1. Quick check, is residue 371 within 15 Å of the ligand (Cβ to nearest atom) and either within 20 Å of residue 311 (Cβ to Cβ) or open to solvent by 20 Å² or more (accessible area, probe 1.4 Å) (or both)?
2. Among the residues of the stretch 304-316, is there at least one that is assigned to a helix (DSSP H, G or I), over 30 Å from residue 379 (Cα atoms), open to solvent by 10 Å² or more (accessible area, probe 1.4 Å) and within 13 Å of the ligand (Cβ to nearest atom)?
3. When only residues in the stretch 247-270 that are part of a loop (DSSP other than H, G, I, E, B) and either open to solvent by 10 Å² or more (accessible area, probe 1.4 Å) or among the hydrophobic types (A, V, I, L, M, F, W, C) (or both) count, which is nearest to the ligand (Cβ to nearest atom)?
4. In the stretch 237-245, is there at least one residue being free of Cβ contacts under 8 Å to residues at least 24 places away in the same chain and open to solvent by less than 10 Å² (accessible area, probe 1.4 Å)?
5. If residue 290 satisfies every condition in (1) assigned by TED's automatic domain parsing to the domain that holds residue 405; (2) more than 16 Å from the ligand (Cβ to nearest atom) but one, which is the exception?
6. Go through 375, 402, 407 for me and flag whichever is over 30 Å from residue 283 (Cβ atoms), under 16 Å from the mean Cα position of the chain (by Cα) and touching a residue at least 24 places away in the same chain (Cβ under 8 Å).
7. Among the candidates 296, 320, single out the residue that is open to solvent by less than 40 Å² (accessible area, probe 1.4 Å) and either near the ligand (Cβ under 8 Å from one of its atoms) or over 21 Å from residue 358 (Cα atoms) (or both).
8. Within the stretch 1-119, which helices (runs of 4 or more DSSP H) (wholly inside it) include 1 or more residues that are more than 16 Å from the ligand (Cβ to nearest atom) and under 30 Å from residue 143 (Cβ atoms)?
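The values are calculated or read from the model by the stated rules, or taken from the named source; none is laboratory data. Keep in mind that what you see is a predicted model, and the values were worked out from it rather than measured. Glycine gets a Cβ as well: all are built from the backbone with ideal geometry, and neighbour counts include every protein chain shown. All accessible areas refer to the heavy atoms of the entire protein, side chains included, with ligands and DNA or RNA removed. Shrake-Rupley method; radii C 1.70, N 1.55, O 1.52, S 1.80 Å.
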Amino acid sequence: MHENTKEITGIILKAKEKAIKETSREPEPELTKPINWPVDCVVGPGLEGAIACETRIGYVNGSKGWLVYRGYNIFDLCAYGTYEEVSYLLMYGYLPSNTQLTRFKKKLIEYRTAHQTKRLLMGFPIEKMKPMGALRLGTNLMRQEFTDVDRDKYLSNVARIIAADEDSIPMETTPMGEENAIYEFKRQQREDSIKEDLKHATGFESCFHLLSGVASLTGAIARLRCGQMPIEHDPELSFAGNLIYTMTGKKPTPVEERVMDVSLILHADHGMNASTFASMVVASTLSDVYLSVGAGIAALQGPLHGGANERVIEMLKDIGSEENVPAWFEKKRSKKEKIMGFGHRVYKSYDPRARVLSPLAKYMTKENKKSKKLYRIARTLEKEVIKTLGAEKKIFPNVDFYSGIVYASMGIPSDLFTPIFAVSRVAGWTSRVQEYLRKNRIFRPRAMYIGPFDKEFPPIENRGRTKKS
Ligand code: SDX
C-alpha cells in the first residue's frame, strides 16, 4: 500500500476512535428485531417512522450516528475494504474470497464497455443536459443494449456481434487533448445469446451491468458534455481510479484513488432513503432493475437528497470567507432557510460518513489554497450550526457537507458530484431491490381523504360560479 494511502487509513481509524468515544454503538432495539406483520409504527409526514420491510443489508443507527453494512461498521469497511468488496458484500451478504473478488472485478471491467449505449448517448444533446438527466437516459439505453425486455418475444435470439461500423464508437485511447488524441473504434464481441436473467432485466447480471455501466456512463457523460470523446477505462486502475480517470482524463494519484474509493464505500447504501425507496417501489411492480435504478437516479438528483453536495460548494463560495460565516448564517436562520449539507431525517447525531469525509477534506485540501479556504469556511459554518441548530434541533453535518470539497480537490466539476453519489448508490439500490423481490409485495400506502362527499354534478353552464371546494 502506497505510503500516503496508509495515512488515509490512519485518518479513518482516528475518526472511528472519536466516534466510539462520543457515541455508543448500541443498536436501537425497536429497529433491529424480526418483524411479525402487521407491525405497529408511529408514522409522520413523508412516511417518517414507517417500517417498509425487513432487511439484512444495512442499518442506520440514527440516535447514535453509526452505519452498518451486513454487520460491518462503516469505519472498518473504509479502513480495510475496497468499493468492489463492499458492493459484493451488499449484493451477496458476505465479503468475497480472493478468487471471488478477482472474478467479480473482471466482470465489472467487462461490463464497463457499454459502447452501444455510449454511441446512442452521443446522439443526444448531452452538452445541454444536466449530467443526472443524461445518466438516467443512459440507464434506459443500457436496458436496450444488454437485455431483451423490449425485443419482440418471437424474434430469435439475434446474434449480438456488433460490427465496428454499426455499434462501436471511437474511444480516446491516449487522452492528450484534441490535437494529438488517438481515437480508435473499439470492437466488442458479445456472447451470441443473452444470458437467461438478462432477458428480464431483473437478475444479478443486470445489477452488475448497472454497477459498472453507471460508472462508465458517468465518465462518458463528463467528456461528451465538453465535446470530447469518452475515454476507454484502464484495466490497471480500480473501480474508483477508473471513475476519476474516465471523468477527468487524468490518471489519479494513489491518494486520490484511495480517497475516491473510501467515498464510494461511504455512499454505497443508507437504509430506506428516498432514492432507494423509489427504486424499490418501481421494482415491486415487477418492472425491471434498469428502470428501478433510473427511478433512484431521478430521486437522488433533488437538492434535499443527493443533489445537496453540489449546492454545498455553491453555498461555501457564496459565503466567501470565514469572517462572513456568522452574518451569513444569522440571515439564513432568521429566514428559516435550510443550510445545505446539514440535517437528516434519521441521524439526530453526527453522520458517521461526515466523520470520515471532514478529515479527508482537510487532508486533500492542505496543499491547495483555494480548496483549503473552502474547507475552513465549512469548518467555521459547522461550528456555528452545531452551536445553535445542533443544540436546539439535533441538526448536524450530513454526508453531503464535506464530500464536494473532497471531489473539488481532485479537479472534478461540482455538477458531477451527484452522479458520483449515484455511481456508488447503485450498489445499495440493486442489492435492496434483489432482497425485496425475494418476498415481493407491491408498495401501496394509503392517503387520508379529507375532501367533501355527495356533491351534485353541475351542468357545464352553471360551472365557474360555484364556490371552489
Ligand atoms: C442525503 O435519507 C437518507 O439517508 C439520505 C442520505 C443517503 O445517504 O441516502 O443520507 C443522503 O440526502 C443527505 C441529506 C442531504 N440534504 C441536505 O443537506 C439538504 C438540507 N437538509 C434538509 O433539507 C433536511 O435536513 C432533510 C431533507 C435532509 C431532512 O428533512 P426532514 O427530516 O424532513 O426535516 P424537516 O424538514 O422536517 O426539519 C425538521 C426541523 C425544521 O425546523 P422546524 O420547522 O421544526 O422549526 O429541522 C429544521 C427544519 O427547518 N431543519 C433545518 C435543516 N434541516 C432541517 N434547518 C436548517 N438547515 C437544515 N439543513
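1. no
2. Looking through the stretch 304-316, none of the residues is assigned to a helix (DSSP H, G or I), over 30 Å from residue 379 (Cα atoms), open to solvent by 10 Å² or more (accessible area, probe 1.4 Å) and within 13 Å of the ligand (Cβ to nearest atom).
3. Only one residue fits best here, namely 270.
4. yes
5. Every condition holds for residue 290 apart from (1).
6. After applying the criteria, what remains is 402.
7. When all the criteria are applied, what remains is 296.
8. On the way: elements: 3-22, 74-80, 83-92, 98-110.
Here the list reads 83-92, 98-110.
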